[in-house]
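Visitor: What follows is a single structure, and I will ask about it in a moment.
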Amino acid sequence: MTTNILILCTHNSARSVLSEAMLNHWAHKLGKDVRAFSAGSAPSGRIHPFAIEALTRAGIDTQGYRSKSWDEFVANGAPQMRIVITVCDSAAAEACPFWPGSPVKVHWGYADPSNTPGGDEGKRQAFELTRQAIGYRMLQLLALPLGSLSDAGLQQALNDIMQS
């Protein structure tokens, strides 16, 4: 059974999209039955160009990714999520909608790379470093026995990853 994971950030333009793409990339490469999605509470409607650039430079396909509202994932017929991850500080304090099936929730915060000083080169470097940090956590997530962990065990494992 596929493990569906939703990654949330306010604008769904950088960190959550980087997370969705990295998790889907590694799940495919490792043959894991995991599917990542991303969304935002106030989506910008576009993916930050430096996020696309960081993914492309890493050899990750960016086709089909878009900025979208979390409303898509509470609608009838939406995939049931096992895990919901918030990746920006503002998202951790926002009220989340009801998630069918009571998924396990965790906050893995990352600084917003688009706010990095140093002009375009500083931002490019920040996006790449954020992509690498996210990729590391996603690999740890994929190493978990997702199909056999109880919700409590999964919560503990996700919290442990957050501390690493």
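Visitor: Return yes when Ala54 is modelled with pLDDT under 95 and small (Gly, Ala, Ser) and no when it is not. Quick ask: steps written out before the conclusion?
Guide: On the way: modelled with pLDDT under 95: no; small (Gly, Ala, Ser): yes.
It is false that Ala54 is modelled with pLDDT under 95 and small (Gly, Ala, Ser).
Visitor: Hey, another quick one. Within the set of pairs 6+ apart or on separate chains, which have a first residue in region 139-163 that is within 21 Å of Asn24 (Cα to Cα) and among the polar types (S, T, N, Q), a second that is modelled with pLDDT of 95 or more and surrounded by 17 or more Cβ atoms within 10 Å (Cβ to Cβ), and C-beta atoms under 8 Å apart?
Guide: Taking only residues 6 or more apart or on different chains, the pairs are Gln140/Ile161; Gln155/Val104.
Visitor: So which residues in region 107-164 are of a type in the set (Ser, Thr, Tyr) and within 13 Å of the chain's Cα centre (by Cα)?
Guide: Within region 107-164, Tyr110, Thr130, Tyr136 meet the criteria.
Visitor: Looking at region 116-164, which of its residues are at pLDDT 95 or above and hydroxyl-bearing (Ser, Thr, Tyr)?
Guide: Listed by number, the residues that qualify are Thr130, Tyr136, Ser148, Ser150.
Visitor: Next question, about the same structure. Which one is farthest from Ile52 (Cα to Cα) among residues in region 11-24 that are touching a helix residue (DSSP H, G or I) at 6+ places or on another chain (Cβ under 8 Å) and of a type outside the set (S, T, N, Q)?
Guide: Only one residue tops the list, namely Leu23.
Visitor: Examine region 6-22 for a residue that is of a type in the set (A, V, I, L, M), out of contact with any strand residue (DSSP E or B) (no Cβ under 8 Å at 6 or more places or on another chain), under 27 Å from Leu154 (Cβ atoms) and not in a helix (DSSP H, G or I), and state whether such a residue exists.
Guide: yes
Visitor: Another one. Taking the criterion of being more than 19 Å from Ala133 (Cα to Cα), outside any strand (DSSP E or B) and either aromatic (Phe, Trp, Tyr) or within 12 Å of the chain's Cα centre (by Cα) (or both), would at least one residue in region 67-76 satisfy it? Walk me through how you get there before you give the answer.
Guide: Of region 67-76, the ones more than 19 Å from Ala133 (Cα to Cα) are 67-76.
Narrowing the set further to residues that are outside any strand (DSSP E or B) leaves 67-68, 70-76.
Of the ones still in play, those that are also either aromatic (Phe, Trp, Tyr) or within 12 Å of the chain's Cα centre (by Cα) (or both) are 70, 73.
Yes, the conditions are met somewhere in region 67-76.
Visitor: Would you pick out the residues in region 127-153 that are of a type outside the set (A, V, I, L, M), within 18 Å of Val104 (Cβ to Cβ) and touching a helix residue (DSSP H, G or I) at 6+ places or on another chain (Cβ under 7 Å)?
Guide: Residues of region 127-153 that are of a type outside the set (A, V, I, L, M), as a first pass: 127-128, 130-132, 135-137, 140, 145, 147-148, 150-151, 153.
Now drop any that are not within 18 Å of Val104 (Cβ to Cβ), which leaves 137, 140, 145, 147-148, 150-151, 153.
Those that are of a type outside the set (A, V, I, L, M), within 18 Å of Val104 (Cβ to Cβ) and touching a helix residue (DSSP H, G or I) at 6+ places or on another chain (Cβ under 7 Å): Arg137, Gln140.
Visitor: Then there is this: Scanning for something surrounded by 13 or more Cβ atoms within 10 Å (Cβ to Cβ), over 23 Å from Ser164 (Cα atoms), at pLDDT below 95 and touching a helix residue (DSSP H, G or I) at 6+ places or on another chain (Cβ under 8 Å), does region 101-115 turn up at least one residue? Walk me through how you get there before you give the answer.
Guide: Restricting attention to region 101-115, the residues satisfying the condition of being surrounded by 13 or more Cβ atoms within 10 Å (Cβ to Cβ) are 103-114.
Filter again for over 23 Å from Ser164 (Cα atoms), leaving 114.
Applying the additional criterion that residues be at pLDDT below 95 yields 114.
Restricting the remaining residues to those that are touching a helix residue (DSSP H, G or I) at 6+ places or on another chain (Cβ under 8 Å) gives 114.
Within region 101-115, one or more residues are surrounded by 13 or more Cβ atoms within 10 Å (Cβ to Cβ), over 23 Å from Ser164 (Cα atoms), at pLDDT below 95 and touching a helix residue (DSSP H, G or I) at 6+ places or on another chain (Cβ under 8 Å).
Residues are listed down the side, and each one gets a yes or a no for (1) crowded, with 17+ Cβ neighbours inside 10 Å; (2) more than 17 Å from Leu139 (Cβ to Cβ):
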site: Thr3; (1), (2): yes, no
site: Ile7; (1), (2): yes, no
site: Ser13; (1), (2): yes, yes
site: Trp26; (1), (2): yes, no
site: Lys29; (1), (2): no, no
site: Arg46; (1), (2): no, yes
site: Ser69; (1), (2): no, yes
site: Pro79; (1), (2): no, yes
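The values are calculated or read from the model by the stated rules, or taken from the named source; none is laboratory data. What you see is a predicted model, and the numbers here were worked out from it, not measured in a lab. Glycine gets a Cβ as well: all are built from the backbone with ideal geometry, and neighbour counts include every protein chain shown.
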